[in-house]
1. Any idea how many residues of segment B:30-48 are touching a strand residue (DSSP E or B) at 6+ places or on another chain (Cβ under 8 Å) and either in a loop (DSSP other than H, G, I, E, B) or among the aliphatic types (A, V, I, L, M) (or both)?
2. Tell me yes or no: at least one residue of segment A:86-99 is assigned to a helix (DSSP H, G or I), within 21 Å of B:Val113 (Cα to Cα), touching a residue at least 40 places away in the same chain (Cβ under 8 Å) and within 10 Å of chain B (Cβ to nearest Cβ).
3. Could you list, in sequence order, the residues of segment B:157-174 that are among the aliphatic types (A, V, I, L, M) and away from chain A (no Cβ under 11 Å)?
4. Go through segment A:6-44 and report how many residues are surrounded by 18 or more Cβ atoms within 10 Å (Cβ to Cβ) and either of a type in the set (A, V, I, L, M, F, W, C) or on the phi > 0 side of the Ramachandran plot (or both).
5. If you go through segment B:80-130 one residue at a time, how many are in contact with a Lys or Arg (Cβ under 6 Å, 6 or more places away or on another chain) and under 14 Å from B:Asn231 (Cα atoms)?
6. Out of the residues in segment B:123-142 that are among the small types (Gly, Ala, Ser) and facing another protein chain (nearest Cβ under 8 Å), which is farthest from B:Gly184 (Cα to Cα)?
7. Quick one: is B:Pro214 surrounded by fewer than 19 Cβ atoms within 10 Å (Cβ to Cβ) and within 14 Å of another protein chain (Cβ to nearest Cβ)?
Protein chains: 2
Amino acid sequence: MTYELFYHNRIQGRGEFVRLALEDSGADYVDIGRGEEAKGQGSPAIMAILNGQGVVHPPFAPPFLRHGEIMIAQTSNVLHYLGPRIGLAPTDENARLFLLQLQLTVMDFVRDVHDTHHPISNTLYYEEQKDAAKIAAQKFLEFRLPKYLGYFEKVVARNPSGARYLSGGSVTYPDLSMFQIVEGLRYAFPQNMAKAEVNYQRLIALHDEVAQRPRLKAYLVSPRRIPFNENGIFRRYPELDV
Amino acid sequence: MTYELFYHNRIQGRGEFVRLALEDSGADYVDIGRGEEAKGQGSPAIMAILNGQGVVHPPFAPPFLRHGEIMIAQTSNVLHYLGPRIGLAPTDENARLFLLQLQLTVMDFVRDVHDTHHPISNTLYYEEQKDAAKIAAQKFLEFRLPKYLGYFEKVVARNPSGARYLSGGSVTYPDLSMFQIVEGLRYAFPQNMAKAEVNYQRLIALHDEVAQRPRLKAYLVSPRRIPFNENGIFRRYPELDV
């Protein structure tokens, strides 16, 4: 049965972590937010669910996934559901819990990245909170970036199946998310990442291996991959990359 | 087998969402962070796992749970694991996914509350980011508070089992978390909550019902319940409650 992904149509955002999993697995899916309104897709289809009176399990916000009768929101939850179904997670409960734990930590990392350019409120423009953003970004780069990357580097190093993936002996969905994290950080903080990467060689090797997976590689050069831009989570503001 | 909770010993924090579930269910558990160092507990026991070389599934941060050989981190993940085992979630997959979705949204809410007093960085004192905090709190109270509370009110209203709980016909772990959210908001923002509560009567009724559950009621007046204080997530700074 076709997976239907509901997410904003002009940013990678949190939806990209789901897109990467669906693309890498070759799953049959529709990116509803990017479809034509004439076909009942596009932004109105997202709003119809967010505001619809009849939705029993309403999402708080995109991304969310519909799979037949099932509607699931929250990025990590969507990936937890998809993982074993699309070959990106084992079925063993203990292994699945660890993947979910890793993905939740990725999403905390993502929130921290987002808050470097919007520390005070999403309802204010970046320009209205730029001074606070400069301090937030400096503290993020000094403390949070090495803490998160050091953690994931450690997780790969300790993997009992060999220090190649975050968990187990093959790619799982948090590995794809780690690829996206490295890509995003290189986009947003090129100066700082150029200096930092030497400390996270296992993560960089993981990133490089993921980038070569045939379906993912094809996706990344396709028009389906939305370029990074200054409306998303990872934004290139040179004044924050000092 | 005894559940071992690892969390800071002087704040409710994110660990409280796990404590409430363990207490309400009458589960056999030890709050390791609050135990005696002479017994191998207390803060050193937490640090030993965070920094231990032999931990295969290392946590990024507290809270985390040990259950026999299994180690699980991330609050929502811990509750997802515990839920069916302690009678606070059904075993049906679709129902469990919705509970996890709700808990993840609770944790996003918690992060937003935290960031009202620490918008720029956790590495700075509140007093160093007070001006930014005033704006952040104002925007939170105007936009985010009604969005979150309105969402959860809607979820209760739409519950096909009757508009009493967030999901199903009996208390599940996100209901306990919603109790904590109401308690925390009343502590941190008494003026604003006094005005807002009339709009969320189902959530308040849920809060009141949870508060009367015998084991939870006994816990709340016991020394095991750490009082709200200005080191936790919910802080009473009158200048932010305007």
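1. Going residue by residue through segment B:30-48, those that are touching a strand residue (DSSP E or B) at 6+ places or on another chain (Cβ under 8 Å) are B:30-33, B:41, B:45-46.
Checking which are either in a loop (DSSP other than H, G, I, E, B) or among the aliphatic types (A, V, I, L, M) (or both) leaves us with B:30, B:32, B:41, B:45-46.
Residues in segment B:30-48 being touching a strand residue (DSSP E or B) at 6+ places or on another chain (Cβ under 8 Å) and either in a loop (DSSP other than H, G, I, E, B) or among the aliphatic types (A, V, I, L, M) (or both): 5 in total.
2. Our first condition is that a residue be assigned to a helix (DSSP H, G or I); within segment A:86-99, this holds for A:93-99.
When the remaining residues are screened for being within 21 Å of B:Val113 (Cα to Cα), the result is none.
No.
3. If the condition is that a residue be among the aliphatic types (A, V, I, L, M) and away from chain A (no Cβ under 11 Å), then B:Ala163, B:Val171 are the ones that fit.
4. The number of residues fulfilling the criteria is 9.
5. Of the residues in that region, 2 qualify.
6. Let us first name the residues in segment B:123-142 that are among the small types (Gly, Ala, Ser), namely B:132-133, B:136-137.
In the following step, the residues that additionally are facing another protein chain (nearest Cβ under 8 Å) were identified as B:132, B:136.
Numbers: B:Ala132: 21, B:Ala136: 18 Å.
The residue in question is B:Ala132.
7. Here the answer is no, as B:Pro214 does not meet what is asked.
Matching residues to (1) among the charged types (D, E, K, R); (2) more than 30 Å from B:Ala188 (Cβ to Cβ):
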| residue | (1), (2) |
| --- | --- |
| B:Ile46 | no, no |
| B:Arg66 | yes, yes |
| B:Leu82 | no, no |
| B:Leu88 | no, no |
| B:Leu104 | no, no |
| B:Asp108 | yes, no |
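The values are calculated or read from the model by the stated rules, or taken from the named source; none is laboratory data. Keep in mind that this is a model prediction, so the values were computed, not measured. Cβ coordinates were reconstructed from backbone atoms using ideal geometry, including for glycine residues, and neighbour counts include every protein chain displayed.
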